[in-house]
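The values are calculated or read from the model by the stated rules, or taken from the named source; none is laboratory data. Since the model is a prediction, treat every value here as computed from it, not as a measurement. Neighbour counts are summed over all protein chains in view; Cβ atoms, including those assigned to glycine, are modelled from backbone coordinates with ideal geometry.
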């Protein structure tokens with residue numbers, strides 16, 4: 001049986017175009033802010049790592065929020081992370097970043113304008129036939145307003161993919177401060193300014209990525225409705241600064 005999604009969650013034509021173009025090297029996603037003659041072009045797709053999700057439950061959220069750090073340090077319970085309602089098969093999945101470049105000049109200095117267009121978790125190689133916004137387990141589709149995009153927020157412009165079953169252990173290093181300053185954490189630095197924290201007792205990972213002010217999570221579904229890819233975008237569609 002072919003998958004029929006909820007029209008309230010379906011990506012519109014512009015969002016669909018962006019989600020597909022962002023991972024197409026050479027595609028133009030817009031033009032540099034205040035310079036319509038200079039295009040913003042997808043320069044490449046970088047494989048960052050593979051992420052272990054043994055529970056099949058995926059968190060896509062900021063690894064910490066400022067108010068939760070204060071609660072954590074005082075021994076108070078923190079809010080649960082934004083866990084996706086959609087489930088994926090337990091396993092290890094490839095994480096990729098789509099990079100763009102839009103050269104610009106600022107006060108006489110030239111910049112290459114390299115930015116992250118989108119980040120994705122590749123669940124399978126099956127073709128994507130439709131895109132929809134990913135709801136969290138606590139989201140209610142009936143409360144969505146027409147055109148509203150559900151997103152997670154990020155105080156530090158950082159998001160993450162993480163196994164929900166191991167979240168407490170994986171997120172703990174991000175919530176440790178000494179005299180108001182983040183304490184050094186035992187993490188692995190990855191390409192693209194990403195960072196990995198692992199919990200070997202559960203064979204689970206948390207990997208961070210760039211997410212300006214947070215992001216919208218999109219599910220790329222196959223003809224039968226299975227999730228083939230999970231993409232995070234901070235702003236779409238349109239030109240990038």
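Is there a residue being exposed (fewer than 13 other Cβ atoms within 10 Å of the Cβ), in contact (Cβ under 8 Å) with a residue 60 or more places away in the chain and more than 14 Å from residue 221 (Cβ to Cβ) anywhere in the stretch 104-115? Even if it seems obvious, please write down each step before you answer.
So the first thing to find is which residues in the stretch 104-115 are exposed (fewer than 13 other Cβ atoms within 10 Å of the Cβ), and the list is 105-112, 114.
From what's left, in contact (Cβ under 8 Å) with a residue 60 or more places away in the chain: 114.
So of that shortlist, the ones also more than 14 Å from residue 221 (Cβ to Cβ) come out as 114.
Within the stretch 104-115, one or more residues are exposed (fewer than 13 other Cβ atoms within 10 Å of the Cβ), in contact (Cβ under 8 Å) with a residue 60 or more places away in the chain and more than 14 Å from residue 221 (Cβ to Cβ).
Being free of Cβ contacts under 8 Å to residues at least 60 places away in the same chain, surrounded by fewer than 19 Cβ atoms within 10 Å (Cβ to Cβ) and not in a strand (DSSP E or B), is that true of even one residue in the stretch 230-238?
Yes, the conditions are met somewhere in the stretch 230-238.
Out of the residues in the stretch 18-75 meeting the condition of being closer than 20 Å to residue 104 by Cα, modelled with pLDDT under 95 and not in a strand (DSSP E or B), tell me which one is nearest to the chain's Cα centre (by Cα).
33
Can you tell me how many residues within the stretch 83-124 are out of contact with any helix residue (DSSP H, G or I) (no Cβ under 6 Å at 6 or more places or on another chain) and in a strand (DSSP E or B)?
Narrowing the stretch 83-124 to residues out of contact with any helix residue (DSSP H, G or I) (no Cβ under 6 Å at 6 or more places or on another chain): 84-96, 98-124.
From the residues that got through so far, the ones that are in a strand (DSSP E or B) too are 84, 91-96, 98-101, 104-106, 109-111, 115-122.
Number of matching residues: 25.
What number of residues in the stretch 177-194 are farther than 26 Å from residue 88 by Cα and touching a residue at least 60 places away in the same chain (Cβ under 8 Å)?
1
Return the total of residues in the stretch 209-221 being more than 23 Å from residue 125 (Cα to Cα) and in contact (Cβ under 8 Å) with a residue 60 or more places away in the chain.
Of the residues in the stretch 209-221, the ones more than 23 Å from residue 125 (Cα to Cα) are 210-215.
Filter once more, so that each one left must be in contact (Cβ under 8 Å) with a residue 60 or more places away in the chain: 210-211, 213-215.
Of the residues in the stretch 209-221, 5 are more than 23 Å from residue 125 (Cα to Cα) and in contact (Cβ under 8 Å) with a residue 60 or more places away in the chain.
Is there a residue in the stretch 154-167 that is in contact with a strand residue (DSSP E or B) (Cβ under 6 Å, 6 or more places away or on another chain), surrounded by 14 or more Cβ atoms within 10 Å (Cβ to Cβ), without any contact (Cβ under 8 Å) to a residue 60 or more places away in the chain and closer than 20 Å to residue 191 by Cα?
Checked the stretch 154-167: no residue is in contact with a strand residue (DSSP E or B) (Cβ under 6 Å, 6 or more places away or on another chain), surrounded by 14 or more Cβ atoms within 10 Å (Cβ to Cβ), without any contact (Cβ under 8 Å) to a residue 60 or more places away in the chain and closer than 20 Å to residue 191 by Cα.
Say we look at the stretch 3-17 and pick out the residues that are within 20 Å of the chain's Cα centre (by Cα) and not in a strand (DSSP E or B); which of these is surrounded by the most Cβ atoms within 10 Å (Cβ to Cβ)?
Let us first name the residues in the stretch 3-17 that are within 20 Å of the chain's Cα centre (by Cα), namely 9-12, 14-17.
Add one more test, that the residue is not in a strand (DSSP E or B), and what stays is 9, 11-12, 14-17.
Working: 9: 18, 11: 24, 12: 10, 14: 11, 15: 19, 16: 17, 17: 15.
Ranking the candidates gives 11 first.
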